[in-house]
Every structure is written in structure tokens, then in C-alpha cells.
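For reference, the structure is listed below as C-alpha cells.
The values are calculated or read from the model by the stated rules, or taken from the named source; none is laboratory data. Just so you know, these numbers come straight off a predicted model, no measurement behind them. In this analysis, Cβ positions are derived from the backbone assuming ideal geometry, glycine residues included, and neighbour counts consider all displayed protein chains.
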Amino acid sequence: MTTPREKLIEVLQATRVLVARPDNEFMYSGWEDAQQALAAIDGHIARVKSGEAFRFRDISILYAPTGALQDLSISSGWSDEYMALVSEIDGLEGWFGRLRVW
């Protein structure tokens, strides 16, 4: 059985794959380029994998409406995939959202 932490890592890794696409348009995302976006996502992945404490809100905010990922997904043509990831994050909110730090 997949733990919530493992599921979160899967969602972040799936997000990373989309963000790393070569034809992405970062103009409206708030990130300068793929390198900057990937560094942010990689940082979250590393924290969750390490078992150190993290704030779920710091991760979930990436998936918020009009947030960096939504803007990137719309301008880059993968908004359907983005919405599927949002659904996964929303499902994890009940687990991680109860505590301020995980």
C-alpha cells in the first residue's frame, strides 16, 4: 500500500516531468525558466523523501488556481494533466492538511 508521503512524491515527480518539457512557456508562471522551476520542485521532492519536516501548504500552493503551475500548464498546453495532479493534491490535503508541519 502506498503511504501518503509516497503518493506525494509520485505527484511531485509527475509534476517534474511536465515542467521539464522542452516546449514549455514560462512567461506567466513566475519562474524564469525550467531550471528555476525544477529546482523548486526538486527541493520539495528532496524534503519529502528525506523524512524531514515540511509544510504541506508550501507544496499545495504550487497547485493553487492562478498559481505558477496552472499558468505554466495553460500556456504550455498541458492543463488537463495539471488538473489531474490538482485532484491528487486535493486528495492528500485531508491527510497532510491536519497538521501544520509533516
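Of the residues making up the stretch 2-41, those that are within 16 Å of Leu72 (Cβ to Cβ), in contact with a helix residue (DSSP H, G or I) (Cβ under 7 Å, 6 or more places away or on another chain) and outside any loop (DSSP other than H, G, I, E, B) number 11. With respect to the conditions (1) modelled with pLDDT under 95; (2) buried (at least 19 other Cβ atoms within 10 Å of the Cβ); (3) of a type outside the set (A, V, I, L, M), Ser73 lacks only one, and its number is (1).
Taking each residue of the stretch 14-28 that is acidic (Asp, Glu) and looking for partners that are surrounded by 13 or more Cβ atoms within 10 Å (Cβ to Cβ) with beta-carbon atoms closer than 8 Å, six or more apart or interchain, yields Asp23/Ser76; Glu25/Leu72; Glu25/Ser75; Glu25/Ser76.
Inside the stretch 42-87, residues that are farther than 16 Å from Ile9 by Cβ and assigned to a helix (DSSP H, G or I) make up a count of 19.
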